[in-house]
Amino acid sequence: MATIVGGFVAPHNPVMYFNPQGASQEQSDACYAAYAAMAARIKDLEAEAAIVIGCDHYILFGTECLPPYVISTGEIEGPVDQLPGLKRKPLPSHGALGEHIAKVGRETGFDWTVGRALNVDHSVAVPNHLMLEPTGREIPLVAVMLACGVDPYLPMKRAWELGEHIADAVASYTGKERVVVIGSGGISHHVGDERMGEVNPDFDRKILDIVTRGDKAAMLALSDAEILREGGNGAMEIRTYACAMAATRAAGGRVIGYEPVEGWVTGMGFAELEVAA
């Protein structure tokens, strides 16, 4: 069977590419050092596949179709929203693992929308660029997209259940791959509203504490109203954290780095998730 050997949560901030000077040199160095530390850890874990849990930013799915959760089962390309230094290209894909997870889901109450040729945005492409490619290996990935960019949002409880389902499905896969899970997004940021640029370090540290304690009850207790008030509409992306926590069986973890970068309009939090034995 395949084995989940590691987990991470990390930002996918496109502003780093558009406005690198928005952060001080010290903040920028700290953030990129955190990404490098995660890449080194993924290499040490000898990861052979990755499940990147990102989100729809209203870029991939418009008003015509807003699926609650999507999984790649074939080719992947992106980012569709090309960034300076990060152009659109085919990404290494593990279609067989994605198809297996979707199949298990159909049998156990998780009705995945599948992308047999899935275009992804920066929520998948940035972790691939800064965490997987620097390992020096081609690590095929499964892209998971959660509805946490625009209303209607995937309920936090369902995001958690989805992570548990992913863990079960990976364990039943006939391959022998060593898999890492990445929850991509967050933490506090406001997108396209009058509070854009505000960062809330207290909220961010609260979320990182929940993540590194593996506190399911505290994560599920976060209401949408609290997240929107304290972290902004961009913080709804912490559903990807809940999913990644559940996929690693909420065994806790450690903070790798945190920088409140107003010039990048985001609280940049990085953590490694332990995997329950």
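What to note about this one:
- The chain - convex hull of the alpha-carbon atoms, volume per residue in Å³: 112
- Pairwise Cα inverse-distance average, inverted: Kirkwood Rh of the range 1-143 (Å): 16.1
- Three-way shape label, the range 101-240, alpha-carbon gyration tensor, a/c 1.5: prolate
- Using only side-chain charges placed at the Cβ, +1 for Lys and Arg and -1 for Asp and Glu, the dipole size of the range 137-256 relative to its Cα centre rounds to 560 debye.
- Positive end of the dipole of the chain (Cβ unit charges, origin at the Cα centre): among L86, H100, M16, the Cα lying farthest that way belongs to H100.
- Whether the range 118-199 is rounded, prolate or oblate, judged on the alpha carbon gyration tensor where a/c under 1.5 counts as rounded: oblate
- The range 150-196 - Kirkwood radius from inverse mean 1/r over Cα pairs (Å): 13.8
- Working note: 222 nm ellipticity from helices only, DSSP H runs with n ≥ 4, each -39,500 (n - 2.57), summed and divided by the residues of the chain, gives -10000 deg cm²/dmol to the nearest 500.
- Binned Cα-Cα distances of the range 179-253, short to long, each 10 Å bin given as a whole percent: 20, 54, 22, 4, 0
- Reach of K176 by Cα under 26 Å, taken over lysines that are not fewer than 8 positions away in the same chain: K43, K103
- Other residues whose C-beta falls under 12 angstrom from the C-beta of D168 contribute a net charge of -2, scoring Lys and Arg +1 and Asp and Glu -1.
- In this structure the range 21-129 gives 44 Å² per residue of accessible area when probed at 1.4 Å with all protein chains present.
- Mean Cβ neighbour count within 10 Å, used as a protection proxy, ranking 45-52, 210-217, 223-230, 236-243 highest first: 236-243, 45-52, 210-217, 223-230
- Lys/Arg +1, Asp/Glu -1 at C-beta; the chain dipole; positive extreme among A171, G149, V255: A171
- For the chain, the dipole from Cβ point charges (+1 on Lys and Arg, -1 on Asp and Glu) about the Cα centre works out to 600 debye, to the nearest 20.
- Where the alpha-carbon atoms of the range 33-101 are placed on the principal axes, they occupy 43, 34, 20 Å, in descending order.
- Under the combined filter of DSSP loop state and at most 11 neighbouring Cβ atoms within 10 Å, the range 43-101 retains these trypsin sites (Lys or Arg not before Pro): K87.
- Charge context of I227, other residues only, Cβ under 10 angstrom, K/R +1, D/E -1: -2
- Spread of Cα-to-Cα distances over 10 Å intervals beginning at zero, given as percent, for the range 75-151: 17, 47, 29, 6, 0
The values are calculated or read from the model by the stated rules, or taken from the named source; none is laboratory data. All values derive from a computational prediction rather than experimental measurement. Neighbour counts run over all protein chains shown; Cβ positions are idealised from the backbone, glycine included. Remember, those area values only see protein heavy atoms, side chains included, never the ligands or the DNA or RNA. Shrake-Rupley method; radii C 1.70, N 1.55, O 1.52, S 1.80 Å.
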